[in-house]
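Undergrad: Take this structure first; my questions come after.
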Amino acid sequence: MDKKTALYNKHVSLGAKMVPFAGFEMPVQYSGVTEEHFAVREKVGIFDVSHMGQFYVEGPEAKNLLQFITSNNVEKLTNGQAQYSCLPNGKGGIVDDLIVYKMNDEKYFVVVNASNIEKDWNHFSHYNEKFGAQLSNISDETSLIAIQGPKAVETLQKLTDTNLSEIPYYHFTVGTVAGVENVIISNTGYTGSGGFEIYFKNESAEKLWDELTNAGEEFGLIPCGLASRDTLRLEKGFCLYRNDIDDTTSPLEAGLGWITKFDKEFVDKEFLLKQKEEGVSRKLVGFEMQEKAIPRHDYLVVDAEGNEIGKVTSGTMSPLKKVGIGLAYVAKPYFKLDSEIFIQIRNKNIPAKVVKLPFV
(Lines give C-alpha, C1' and ligand atoms only; values in the text may rest on other atoms or scores of the structure.)
Protein backbone atom coordinates (compact mmCIF):
# COMPACT_ATOMS: atom_id res chain seq x y z
CA MET A 1 0.00 0.00 0.00
CA ASP A 2 1.52 3.32 -1.09
CA LYS A 3 1.82 6.13 1.43
CA LYS A 4 0.10 9.46 0.92
CA THR A 5 1.62 12.88 1.59
CA ALA A 6 -0.29 15.41 3.70
CA LEU A 7 -1.29 17.09 0.40
CA TYR A 8 -2.81 14.00 -1.24
CA ASN A 9 -6.42 15.24 -1.01
CA LYS A 10 -5.35 18.62 -2.35
CA HIS A 11 -3.84 17.02 -5.47
CA VAL A 12 -6.92 14.91 -6.08
CA SER A 13 -9.21 17.93 -5.72
CA LEU A 14 -7.03 19.82 -8.23
CA GLY A 15 -7.48 17.01 -10.76
CA ALA A 16 -3.88 15.81 -10.67
CA LYS A 17 -3.05 12.51 -12.32
CA MET A 18 -1.77 10.38 -9.43
CA VAL A 19 0.83 7.62 -9.82
CA PRO A 20 2.79 5.37 -7.44
CA PHE A 21 6.33 6.71 -7.00
CA ALA A 22 8.95 5.64 -4.43
CA GLY A 23 6.25 4.11 -2.24
CA PHE A 24 3.99 7.17 -2.36
CA GLU A 25 0.92 8.21 -4.33
CA MET A 26 2.27 11.29 -6.11
CA PRO A 27 0.95 13.79 -8.68
CA VAL A 28 2.66 13.15 -12.03
CA GLN A 29 0.96 16.10 -13.73
CA TYR A 30 -1.88 18.60 -13.45
CA SER A 31 -2.39 20.77 -16.55
CA GLY A 32 0.28 19.05 -18.64
CA VAL A 33 4.06 18.60 -18.60
CA THR A 34 4.90 21.32 -21.13
CA GLU A 35 2.71 23.95 -19.51
CA GLU A 36 4.09 23.14 -16.06
CA HIS A 37 7.66 23.12 -17.40
CA PHE A 38 7.35 26.60 -18.92
CA ALA A 39 5.58 27.98 -15.85
CA VAL A 40 8.71 27.12 -13.82
CA ARG A 41 11.18 28.36 -16.45
CA GLU A 42 9.35 31.65 -17.07
CA LYS A 43 7.12 32.34 -14.03
CA VAL A 44 6.63 30.15 -10.95
CA GLY A 45 5.47 26.63 -10.11
CA ILE A 46 4.68 24.84 -6.86
CA PHE A 47 5.62 21.21 -6.16
CA ASP A 48 4.74 18.82 -3.35
CA VAL A 49 8.00 17.01 -2.60
CA SER A 50 6.95 15.69 0.81
CA HIS A 51 7.91 12.15 -0.16
CA MET A 52 11.58 13.05 0.39
CA GLY A 53 13.23 11.82 3.60
CA GLN A 54 14.60 13.96 6.44
CA PHE A 55 16.96 13.00 9.26
CA TYR A 56 18.44 15.00 12.11
CA VAL A 57 22.03 14.22 13.06
CA GLU A 58 22.88 15.76 16.43
CA GLY A 59 25.39 15.84 19.27
CA PRO A 60 29.15 16.26 19.63
CA GLU A 61 29.82 13.47 17.08
CA ALA A 62 27.32 14.66 14.45
CA LYS A 63 29.90 16.34 12.24
CA ASN A 64 32.38 13.45 12.53
CA LEU A 65 29.77 10.92 11.43
CA LEU A 66 28.71 13.02 8.42
CA GLN A 67 32.31 13.78 7.52
CA PHE A 68 33.06 10.06 7.36
CA ILE A 69 29.97 8.81 5.50
CA THR A 70 29.53 11.62 2.94
CA SER A 71 31.82 12.42 0.02
CA ASN A 72 31.84 16.19 0.42
CA ASN A 73 33.71 18.14 3.11
CA VAL A 74 31.30 18.91 5.96
CA GLU A 75 34.07 20.87 7.72
CA LYS A 76 33.64 23.65 5.14
CA LEU A 77 30.00 24.31 6.08
CA THR A 78 29.04 27.44 7.99
CA ASN A 79 25.82 27.70 10.03
CA GLY A 80 22.90 28.20 7.65
CA GLN A 81 24.69 26.62 4.70
CA ALA A 82 23.62 23.55 2.71
CA GLN A 83 25.83 21.12 0.81
CA TYR A 84 25.13 18.67 -1.99
CA SER A 85 26.86 15.36 -1.35
CA CYS A 86 26.61 11.60 -1.72
CA LEU A 87 26.99 8.49 0.41
CA PRO A 88 29.70 6.16 -0.97
CA ASN A 89 28.65 2.54 -0.36
CA GLY A 90 32.01 0.96 0.54
CA LYS A 91 32.24 -0.84 -2.82
CA GLY A 92 32.82 2.14 -5.11
CA GLY A 93 29.12 2.87 -5.71
CA ILE A 94 26.59 5.36 -4.33
CA VAL A 95 24.02 4.60 -1.61
CA ASP A 96 22.24 7.90 -2.32
CA ASP A 97 22.78 11.55 -3.09
CA LEU A 98 21.64 13.98 -0.42
CA ILE A 99 21.74 17.52 0.94
CA VAL A 100 23.36 18.26 4.31
CA TYR A 101 22.15 21.39 6.14
CA LYS A 102 24.25 22.77 8.98
CA MET A 103 22.06 24.25 11.74
CA ASN A 104 24.97 24.56 14.18
CA ASP A 105 28.11 22.66 15.23
CA GLU A 106 26.04 19.93 16.87
CA LYS A 107 22.94 19.85 14.70
CA TYR A 108 22.60 18.89 11.06
CA PHE A 109 19.50 18.33 8.94
CA VAL A 110 19.83 15.82 6.09
CA VAL A 111 17.50 15.38 3.12
CA VAL A 112 17.52 12.07 1.24
CA ASN A 113 15.64 10.51 -1.65
CA ALA A 114 12.19 9.04 -0.99
CA SER A 115 13.03 5.62 -2.42
CA ASN A 116 16.10 5.34 -0.17
CA ILE A 117 14.80 6.46 3.24
CA GLU A 118 15.07 3.03 4.88
CA LYS A 119 18.28 2.11 3.08
CA ASP A 120 19.93 5.41 4.06
CA TRP A 121 18.73 5.16 7.64
CA ASN A 122 20.33 1.71 7.90
CA HIS A 123 23.54 3.05 6.34
CA PHE A 124 23.70 5.98 8.80
CA SER A 125 22.90 3.69 11.73
CA HIS A 126 25.54 1.14 10.73
CA TYR A 127 28.38 3.68 10.68
CA ASN A 128 27.02 5.53 13.68
CA GLU A 129 27.78 2.52 15.90
CA LYS A 130 31.36 3.84 15.81
CA PHE A 131 30.45 7.51 16.38
CA GLY A 132 27.38 7.62 18.62
CA ALA A 133 25.67 10.70 17.19
CA GLN A 134 21.93 11.15 17.88
CA LEU A 135 19.92 10.20 14.82
CA SER A 136 16.24 10.89 14.30
CA ASN A 137 14.15 10.08 11.25
CA ILE A 138 11.47 12.77 10.92
CA SER A 139 10.44 11.87 7.35
CA ASP A 140 6.88 10.81 8.23
CA GLU A 141 5.99 14.01 10.07
CA THR A 142 7.69 16.44 7.68
CA SER A 143 6.26 18.05 4.54
CA LEU A 144 8.24 19.79 1.82
CA ILE A 145 6.96 22.26 -0.75
CA ALA A 146 9.18 23.59 -3.54
CA ILE A 147 8.39 27.03 -5.02
CA GLN A 148 10.47 27.26 -8.18
CA GLY A 149 10.97 29.77 -10.98
CA PRO A 150 11.96 33.42 -11.58
CA LYS A 151 8.91 34.66 -9.61
CA ALA A 152 9.39 32.27 -6.66
CA VAL A 153 11.09 34.86 -4.44
CA GLU A 154 8.35 37.45 -4.96
CA THR A 155 5.68 34.81 -4.30
CA LEU A 156 7.19 33.56 -1.04
CA GLN A 157 8.26 37.03 0.13
CA LYS A 158 4.59 38.05 0.46
CA LEU A 159 4.18 35.45 3.22
CA THR A 160 7.28 35.99 5.34
CA ASP A 161 9.20 38.74 7.16
CA THR A 162 12.44 36.86 6.46
CA ASN A 163 14.38 38.80 3.83
CA LEU A 164 14.71 36.16 1.12
CA SER A 165 17.16 38.20 -0.94
CA GLU A 166 19.65 37.78 1.92
CA ILE A 167 19.66 33.97 1.61
CA PRO A 168 22.31 33.00 -0.98
CA TYR A 169 22.06 29.89 -3.16
CA TYR A 170 22.49 26.72 -1.09
CA HIS A 171 21.89 28.56 2.17
CA PHE A 172 18.85 28.48 4.44
CA THR A 173 17.26 29.99 7.51
CA VAL A 174 14.48 29.08 9.93
CA GLY A 175 11.56 31.49 9.89
CA THR A 176 7.80 32.03 9.88
CA VAL A 177 5.79 31.59 6.66
CA ALA A 178 2.10 32.55 6.52
CA GLY A 179 1.97 32.44 10.32
CA VAL A 180 3.53 28.96 10.49
CA GLU A 181 6.60 28.98 12.75
CA ASN A 182 9.84 27.00 12.53
CA VAL A 183 9.82 26.61 8.77
CA ILE A 184 13.18 25.76 7.18
CA ILE A 185 13.40 28.17 4.22
CA SER A 186 16.06 26.91 1.83
CA ASN A 187 17.42 28.49 -1.36
CA THR A 188 17.70 25.14 -3.13
CA GLY A 189 15.75 23.22 -5.73
CA TYR A 190 15.89 20.63 -8.47
CA THR A 191 14.70 22.69 -11.43
CA GLY A 192 17.61 25.00 -12.20
CA SER A 193 15.23 27.97 -12.33
CA GLY A 194 15.88 29.32 -8.84
CA GLY A 195 13.48 29.39 -5.93
CA PHE A 196 13.00 27.96 -2.47
CA GLU A 197 12.17 24.73 -0.69
CA ILE A 198 10.32 24.94 2.62
CA TYR A 199 10.21 22.21 5.28
CA PHE A 200 7.55 22.14 7.99
CA LYS A 201 5.24 19.87 10.01
CA ASN A 202 2.54 17.97 8.09
CA GLU A 203 -0.36 19.69 9.81
CA SER A 204 0.49 23.01 8.09
CA ALA A 205 0.73 21.52 4.59
CA GLU A 206 -2.69 22.46 3.18
CA LYS A 207 -2.61 25.95 4.69
CA LEU A 208 0.84 26.70 3.23
CA TRP A 209 -0.06 25.22 -0.18
CA ASP A 210 -3.18 27.41 -0.37
CA GLU A 211 -1.40 30.56 0.85
CA LEU A 212 1.44 30.06 -1.65
CA THR A 213 -1.01 29.36 -4.47
CA ASN A 214 -2.85 32.61 -3.71
CA ALA A 215 0.37 34.59 -3.32
CA GLY A 216 1.64 33.37 -6.68
CA GLU A 217 -1.59 33.82 -8.60
CA GLU A 218 -0.65 37.25 -9.98
CA PHE A 219 2.63 35.79 -11.30
CA GLY A 220 0.94 32.86 -13.05
CA LEU A 221 1.81 30.19 -10.46
CA ILE A 222 0.48 26.72 -11.22
CA PRO A 223 0.85 23.36 -9.43
CA CYS A 224 3.43 21.06 -11.02
CA GLY A 225 3.97 17.31 -10.89
CA LEU A 226 6.81 14.82 -11.04
CA ALA A 227 6.88 14.69 -14.85
CA SER A 228 7.78 18.38 -15.25
CA ARG A 229 10.19 18.10 -12.31
CA ASP A 230 11.94 15.43 -14.38
CA THR A 231 12.14 17.42 -17.63
CA LEU A 232 13.31 20.50 -15.70
CA ARG A 233 16.10 18.65 -13.85
CA LEU A 234 17.19 16.86 -17.03
CA GLU A 235 17.59 20.10 -18.99
CA LYS A 236 20.03 21.13 -16.23
CA GLY A 237 21.84 17.78 -16.25
CA PHE A 238 21.00 16.99 -12.61
CA CYS A 239 21.33 13.31 -11.63
CA LEU A 240 18.32 11.28 -10.52
CA TYR A 241 19.02 8.41 -8.13
CA ARG A 242 18.14 4.97 -9.60
CA ASN A 243 18.37 6.40 -13.11
CA ASP A 244 21.76 8.11 -13.41
CA ILE A 245 23.44 7.07 -10.17
CA ASP A 246 23.10 3.97 -8.01
CA ASP A 247 25.06 1.35 -6.09
CA THR A 248 26.98 0.39 -9.25
CA THR A 249 28.12 3.88 -10.32
CA SER A 250 30.99 5.75 -8.70
CA PRO A 251 30.79 9.51 -8.02
CA LEU A 252 33.72 10.02 -10.42
CA GLU A 253 32.02 8.10 -13.22
CA ALA A 254 28.86 10.14 -12.58
CA GLY A 255 30.68 13.47 -12.94
CA LEU A 256 30.37 14.11 -9.20
CA GLY A 257 34.09 14.57 -8.62
CA TRP A 258 33.26 18.12 -7.52
CA ILE A 259 31.48 16.76 -4.42
CA THR A 260 34.19 14.17 -3.70
CA LYS A 261 36.83 15.74 -1.46
CA PHE A 262 40.02 13.86 -0.73
CA ASP A 263 41.31 16.20 2.01
CA LYS A 264 39.58 14.05 4.68
CA GLU A 265 38.97 10.42 5.64
CA PHE A 266 35.75 8.93 4.31
CA VAL A 267 34.14 5.70 3.13
CA ASP A 268 35.73 4.49 -0.16
CA LYS A 269 38.44 7.17 -0.11
CA GLU A 270 41.21 4.79 -1.22
CA PHE A 271 39.14 3.20 -3.97
CA LEU A 272 38.01 6.56 -5.34
CA LEU A 273 41.49 8.09 -5.10
CA LYS A 274 42.88 5.19 -7.14
CA GLN A 275 40.06 5.64 -9.65
CA LYS A 276 40.83 9.34 -9.88
CA GLU A 277 44.52 8.70 -10.51
CA GLU A 278 43.95 5.94 -13.07
CA GLY A 279 41.01 7.60 -14.78
CA VAL A 280 37.57 6.10 -15.34
CA SER A 281 36.73 3.72 -18.18
CA ARG A 282 33.17 5.02 -18.53
CA LYS A 283 31.52 8.30 -17.75
CA LEU A 284 28.08 9.89 -17.50
CA VAL A 285 27.67 12.35 -20.38
CA GLY A 286 24.96 14.57 -21.79
CA PHE A 287 23.96 14.04 -25.41
CA GLU A 288 21.63 15.63 -27.94
CA MET A 289 19.86 13.73 -30.69
CA GLN A 290 20.86 14.84 -34.18
CA GLU A 291 17.55 13.70 -35.68
CA LYS A 292 13.97 13.86 -34.42
CA ALA A 293 13.82 11.11 -31.78
CA ILE A 294 13.30 10.74 -28.04
CA PRO A 295 15.87 8.77 -26.04
CA ARG A 296 14.63 6.80 -23.03
CA HIS A 297 16.05 5.08 -19.93
CA ASP A 298 17.88 1.81 -20.77
CA TYR A 299 18.16 2.40 -24.54
CA LEU A 300 21.49 1.09 -25.80
CA VAL A 301 24.26 3.43 -26.96
CA VAL A 302 26.36 2.12 -29.87
CA ASP A 303 29.26 3.31 -32.03
CA ALA A 304 29.19 3.85 -35.81
CA GLU A 305 29.73 0.09 -36.35
CA GLY A 306 26.86 -0.80 -34.03
CA ASN A 307 29.01 -2.05 -31.13
CA GLU A 308 27.50 -1.44 -27.71
CA ILE A 309 29.37 1.33 -25.85
CA GLY A 310 26.89 2.30 -23.15
CA LYS A 311 23.37 2.85 -21.96
CA VAL A 312 20.96 5.77 -21.66
CA THR A 313 20.08 6.53 -18.03
CA SER A 314 17.65 9.44 -18.55
CA GLY A 315 16.09 10.87 -21.69
CA THR A 316 13.31 13.17 -22.84
CA MET A 317 12.27 15.71 -25.43
CA SER A 318 13.56 19.04 -24.10
CA PRO A 319 10.54 21.38 -23.93
CA LEU A 320 12.88 24.37 -24.23
CA LYS A 321 15.21 23.18 -27.01
CA LYS A 322 12.68 20.99 -28.85
CA VAL A 323 15.30 18.26 -29.31
CA GLY A 324 15.80 14.87 -27.72
CA ILE A 325 18.28 15.08 -24.84
CA GLY A 326 19.63 12.52 -22.43
CA LEU A 327 22.27 11.29 -20.03
CA ALA A 328 24.19 8.06 -20.67
CA TYR A 329 27.18 6.16 -19.39
CA VAL A 330 29.54 5.69 -22.33
CA ALA A 331 32.88 3.94 -22.63
CA LYS A 332 36.19 5.68 -23.21
CA PRO A 333 36.95 7.50 -25.56
CA TYR A 334 33.33 8.33 -26.43
CA PHE A 335 32.85 10.53 -23.39
CA LYS A 336 34.88 13.34 -25.03
CA LEU A 337 32.79 16.40 -25.98
CA ASP A 338 31.43 16.35 -29.55
CA SER A 339 31.87 12.56 -29.83
CA GLU A 340 29.44 11.00 -32.29
CA ILE A 341 27.38 8.22 -30.70
CA PHE A 342 24.21 6.42 -31.74
CA ILE A 343 21.11 5.66 -29.68
CA GLN A 344 19.34 2.42 -30.51
CA ILE A 345 15.63 3.22 -30.83
CA ARG A 346 13.35 0.47 -32.14
CA ASN A 347 16.23 -1.33 -33.92
CA LYS A 348 17.43 1.86 -35.59
CA ASN A 349 20.69 3.55 -34.65
CA ILE A 350 19.93 7.28 -34.45
CA PRO A 351 22.89 9.70 -34.38
CA ALA A 352 23.55 11.80 -31.27
CA LYS A 353 26.34 14.07 -30.10
CA VAL A 354 28.02 14.33 -26.69
CA VAL A 355 27.49 17.89 -25.42
CA LYS A 356 28.47 20.00 -22.42
CA LEU A 357 26.04 20.13 -19.51
CA PRO A 358 23.70 21.78 -18.69
CA PHE A 359 21.63 21.50 -21.87
CA VAL A 360 19.99 24.89 -21.22
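Undergrad: Here are F172, F219: which of them is surrounded by 22 or more Cβ atoms within 10 Å (Cβ to Cβ) and at pLDDT 95 or above?
TA: F172
Undergrad: Now for a separate question. Does N72 qualify as being within 27 Å of C86 (Cα to Cα) and in contact with a strand residue (DSSP E or B) (Cβ under 6 Å, 6 or more places away or on another chain)?
TA: So N72 fits the description; yes.
Undergrad: Restricting the search to region 252-302, which residues are surrounded by fewer than 20 Cβ atoms within 10 Å (Cβ to Cβ), in a helix (DSSP H, G or I) and of a type in the set (A, V, I, L, M)?
TA: Across region 252-302, the qualifying residues are I259, L273.
Undergrad: Okay, moving on. With the structure loaded, tell me whether V183 is closer than 22 Å to D48 by Cβ, part of a strand (DSSP E or B) and either aromatic (F, W, Y) or open to solvent by less than 70 Å² (accessible area, probe 1.4 Å) (or both) or whether it fails that test.
TA: So V183 fits the description; yes.
Undergrad: Separate question: Being closer than 17 Å to F109 by Cβ and surrounded by 19 or more Cβ atoms within 10 Å (Cβ to Cβ) is the filter; apply it to region 191-206 and report the residue that is farthest from the chain's Cα centre (by Cα).
TA: Restricting to residues being closer than 17 Å to F109 by Cβ and surrounded by 19 or more Cβ atoms within 10 Å (Cβ to Cβ), the top hit is F200.
Undergrad: Only one residue in S115, S136, S165 is over 30 Å from Y8 (Cα atoms) and of a type in the set (S, T, Y), so which one is that?
TA: S165
Undergrad: Could you look through region 13-38, keep only residues that are aliphatic (A, V, I, L, M) and touching a Pro at 6+ places or on another chain (Cβ under 9 Å), and pick out the one that is farthest from T213 (Cα to Cα)?
TA: Out of the qualifying residues, it is V19.
Undergrad: Sticking with this one: For region 318-326, check the following and say yes or no: at least one residue is closer than 30 Å to V74 by Cα and open to solvent by less than 80 Å² (accessible area, probe 1.4 Å).
TA: Within region 318-326 (the criterion being closer than 30 Å to V74 by Cα and open to solvent by less than 80 Å² (accessible area, probe 1.4 Å)), the answer is no, since none of the residues qualifies.
Undergrad: With the checklist (1) part of a loop (DSSP other than H, G, I, E, B); (2) under 29 Å from M26 (Cα atoms) in hand, flag the one item K311 doesn't pass.
TA: Only one criterion is unmet by K311, namely (1).
Undergrad: Exactly one of these conditions fails for F359: (1) open to solvent by less than 20 Å² (accessible area, probe 1.4 Å); (2) in a strand (DSSP E or B). Give me its number.
TA: Going through (1) open to solvent by less than 20 Å² (accessible area, probe 1.4 Å); (2) in a strand (DSSP E or B) one by one, F359 breaks only (2).
Undergrad: Regarding A114, is this residue open to solvent by less than 50 Å² (accessible area, probe 1.4 Å), under 16 Å from the mean Cα position of the chain (by Cα) and not charged (D, E, K, R)?
TA: Yes, satisfied.
Undergrad: Within region 130-149, is there a residue that is touching a residue at least 40 places away in the same chain (Cβ under 8 Å), buried (at least 18 other Cβ atoms within 10 Å of the Cβ), of a type outside the set (G, A, S) and part of a loop (DSSP other than H, G, I, E, B)?
TA: Scanning region 130-149 turns up no residue that is touching a residue at least 40 places away in the same chain (Cβ under 8 Å), buried (at least 18 other Cβ atoms within 10 Å of the Cβ), of a type outside the set (G, A, S) and part of a loop (DSSP other than H, G, I, E, B).
The values are calculated or read from the model by the stated rules, or taken from the named source; none is laboratory data. These numbers come from a predicted model, not from an experiment. When we count neighbours, we look across all protein chains shown, and the Cβ atoms used for this are built from the backbone with ideal geometry, even at glycine. In case anyone asks, the SASA skips ligands and DNA or RNA and just uses the protein heavy atoms, side chains included. Shrake-Rupley method; radii C 1.70, N 1.55, O 1.52, S 1.80 Å.
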